[in-house]
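Participant: The structure's right below; bear with me while I get my questions together.
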Amino acid sequence: QVQLVESGGGLVQVGGSLRLSCAASGRTFSNYAMGWFRRAPGKEREFVAVISRSGGYIYYADFVKGRFTISRDNAKNTMYLQMNSLRPEDTAAYYCAADYTEVPTTGIYEYDYWGQGTQVTVSS
């Protein structure tokens, strides 16, 4: 089992920044590709970003390219999502997820473990 705990969410104004963290415990963190997903009110959960086991491969959803940065520190068993230039449409619950794979994926159903989420609210 892998336990994932997100933190860093909150209320921010348009154009502001937040840094989300995802702390992992249980299994060897570096064996898992890690992803960020989000669910806005009334919408389905959607892919945001993914990072490979070593951090050497990263992929973003188009709507966050140039604004969000995913990273990980395997020594600290933690993944991050730096979010800049936030927009009202970024308002959502953000979830981190772990996938036991060498090939990172954007597919929600491929992920083995999920955190409980952290709420991000962007006010205009």
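Participant: Enumerate the pairs (first residue in the range 31-56 and among the hydroxyl-bearing types (Ser, Thr, Tyr); second residue anywhere and in a helix (DSSP H, G or I)) with beta-carbon separation below 8 Å, excluding pairs fewer than 6 apart on the same chain, so at least 6 apart or on different chains.
Facilitator: Once the first residue is among the hydroxyl-bearing types (Ser, Thr, Tyr) and sits in the range 31-56, its partners that are in a helix (DSSP H, G or I) give SER54/SER30.
Participant: Continuing with this model, one more query. Among the residues of the range 117-124, are any small (Gly, Ala, Ser), farther than 23 Å from VAL2 by Cβ and in contact (Cβ under 8 Å) with a residue 40 or more places away in the chain? Spell out how you get there, then give the answer.
Facilitator: Of the residues in the range 117-124, the ones small (Gly, Ala, Ser) are 117, 123-124.
This time we only want the ones that are farther than 23 Å from VAL2 by Cβ, so: 123-124.
Still in the running and in contact (Cβ under 8 Å) with a residue 40 or more places away in the chain: 123-124.
Among the residues of the range 117-124, at least one is small (Gly, Ala, Ser), farther than 23 Å from VAL2 by Cβ and in contact (Cβ under 8 Å) with a residue 40 or more places away in the chain, which makes the answer yes.
Participant: A follow-up question, please. Consider GLU44 carefully, then state whether it is at pLDDT 95 or above, within 22 Å of GLN13 (Cα to Cα), open to solvent by 60 Å² or more (accessible area, probe 1.4 Å) and not aromatic (Phe, Trp, Tyr). If you could, list the steps in order and put the result at the bottom.
Facilitator: On the way: at pLDDT 95 or above: yes; within 22 Å of GLN13 (Cα to Cα): no; open to solvent by 60 Å² or more (accessible area, probe 1.4 Å): yes; not aromatic (Phe, Trp, Tyr): yes.
Against the criterion (at pLDDT 95 or above, within 22 Å of GLN13 (Cα to Cα), open to solvent by 60 Å² or more (accessible area, probe 1.4 Å) and not aromatic (Phe, Trp, Tyr)), GLU44 does not qualify.
Participant: Further, regarding this structure: If PHE29 passes every condition in (1) under 20 Å from SER124 (Cα atoms); (2) open to solvent by less than 20 Å² (accessible area, probe 1.4 Å) but one, which one does it miss?
Facilitator: (1)
Participant: Applying the selection to the range 47-66, what residues are basic (Lys, Arg) and buried (at least 18 other Cβ atoms within 10 Å of the Cβ)?
Facilitator: ARG53
Participant: Against the definition (modelled with pLDDT of 95 or more and exposed (fewer than 12 other Cβ atoms within 10 Å of the Cβ)), how does LYS76 come out, yes or no?
Facilitator: Values: modelled with pLDDT of 95 or more: yes; exposed (fewer than 12 other Cβ atoms within 10 Å of the Cβ): no.
So LYS76 fails the test.
Participant: Could I ask something else about it? For the structure I just gave you, tell me whether VAL12 is open to solvent by 10 Å² or more (accessible area, probe 1.4 Å), modelled with pLDDT of 95 or more and not basic (Lys, Arg).
Facilitator: Numbers: open to solvent by 10 Å² or more (accessible area, probe 1.4 Å): yes; modelled with pLDDT of 95 or more: yes; not basic (Lys, Arg): yes.
It is true that VAL12 is open to solvent by 10 Å² or more (accessible area, probe 1.4 Å), modelled with pLDDT of 95 or more and not basic (Lys, Arg).
Participant: Between a residue in the range 89-115 that is in contact (Cβ under 8 Å) with a residue 40 or more places away in the chain and any residue that is of a type in the set (S, T, N, Q) and part of a loop (DSSP other than H, G, I, E, B), which pairs come within a Cβ distance under 6 Å, given they are 6 or more apart or on different chains?
Facilitator: PRO104/SER52
Participant: Could you check THR69 against (1) over 21 Å from SER25 (Cα atoms); (2) surrounded by 19 or more Cβ atoms within 10 Å (Cβ to Cβ) and say which number it fails?
Facilitator: All conditions are met except number (2).
Participant: Name every residue in the range 79-113 that is within 18 Å of GLN13 (Cβ to Cβ), open to solvent by 50 Å² or more (accessible area, probe 1.4 Å) and outside any strand (DSSP E or B), in order of residue number.
Facilitator: Keep residues of the range 79-113 that are within 18 Å of GLN13 (Cβ to Cβ), which gives 82-92, 94.
Filter once more, keeping what is open to solvent by 50 Å² or more (accessible area, probe 1.4 Å): 82, 84-85, 87-89.
Listed by number, the residues that qualify are ASN84, SER85, ARG87, PRO88, GLU89.
The values are calculated or read from the model by the stated rules, or taken from the named source; none is laboratory data. Since we're looking at a predicted model, the values are computed, not measured. Because the Cβ atoms are built from the backbone with ideal geometry, glycine has one as well, and the counts that use them run over all protein chains shown. Ligands, DNA and RNA are excluded from the accessible area calculation, which covers all protein heavy atoms including side chains. Shrake-Rupley method; radii C 1.70, N 1.55, O 1.52, S 1.80 Å.
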